[in-house]
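The structure appears right after this line, and notes come after that.
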Amino acid sequence: MRVVIAGAGSVGRSIAKELLYNTHTVLLIDKAADEHAIRRVPDANWLVADACEIDALNEAGLADCDVVVAATGDDKVNLVVSLLAKTEFGVPRTVARVNNPKNEWMFDEAWGVDVAVSTPRLMTALVEEAVTVGDLVRIFEFRKGNATMVEMTLPADSPYVGSRVGDVEFPADTVLVGVIRDQIPIAPSSDDSLEAHDELLFLTTPDSEDDLESMLSPGQRIKRPREL
């Protein structure tokens, strides 16, 4: 897979290193890149240019890449890069970094963004996931398909503790995709049972999240907003 990353700061370089480790081809674009930065990711291809300029993206060969990652620290730049990648070069997949949660609503298909990654949202979700039992925590939102990945640590007083997975009728458009038990991941089958303090991972939709939470962890609680 050929990936072009706009922005060679700490985030862009980290993504590049992971992709290179997994044997993908990576090109980093950054107008401020210098010898020191290039030496930190020597196995990547580099282009010292402004990723918001069409000529630079032509030189980067966006028409022949599989994924564009807009990873700069400027939300305006990330939106422009995503839009140009989609509308001018027909890139199959775009991933954009969201720096300011207030701008997250703009990172959608209208701006050419397939997947928006909000660092503040992910950090909040990880903190909540670590300390909450019985509350549904949104881990990730898929911009295409109106789907989310959510997690819940099943409370000991849930009516579904001890139930077979195959006997549980989850809300519409909800799929149990994983269980973490005693720090071991399990691919759940219909014959597996749900146990207290299992970490349950679901693919679902925003409309089904409250029903899923109320079903697995009934009781009165103040609903927390799911959007940052």
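Sorting the segments 206-218, 174-186 by their mean number of nearby beta carbons within 10 angstrom, highest to lowest, gives 206-218, 174-186. Projection of the Cα convex hull of the range 40-99, averaged over all directions and equal to a quarter of that hull's surface, yields 4.2 nm². Largest accessible area first, the listed residues W111, W46 line up as W111, W46 when surface is computed with a 1.4 Å probe on the assembled protein chains. Note on the chain: with a GNM built from Cα contacts shorter than 10 Å, the maximum mean-square fluctuation among V113, V168, V137 falls on V168. Accessible area per residue for the chain, computed on protein heavy atoms with a 1.4 Å probe, is 52 Å².
Roughly to the nearest percent, how much of the accessible area of the chain is carbon and sulfur, given a 1.4 Å probe? Reported share for carbon and sulfur atoms: 53 percent.
Of the residues D34, D43, D108, the one that moves most in a GNM of the chain with alpha-carbon contacts below 10 Å is D34.
Residue separation of V161 and T23 scaled by 0.36 nm, minus their Cα-Cα distance, works out to 45.4 nm of gained length.
Relative contact order, whole percent, for the chain stands at 13, derived from Cα pairs under 8 Å and 6 or more residues apart. Pairs of lysine residues in the chain that meet both criteria, 8 or more places apart or on different chains and Cα atoms under 25 Å apart, total 12.
The values are calculated or read from the model by the stated rules, or taken from the named source; none is laboratory data. Quick caveat: nothing in here was measured; it's all calculated off a predicted structure. Neighbour counts run over all protein chains shown; Cβ positions are idealised from the backbone, glycine included. For the accessible areas, the whole protein counts, side chains as well, though only heavy atoms, and no ligand, DNA or RNA atoms are used. Shrake-Rupley method; radii C 1.70, N 1.55, O 1.52, S 1.80 Å.
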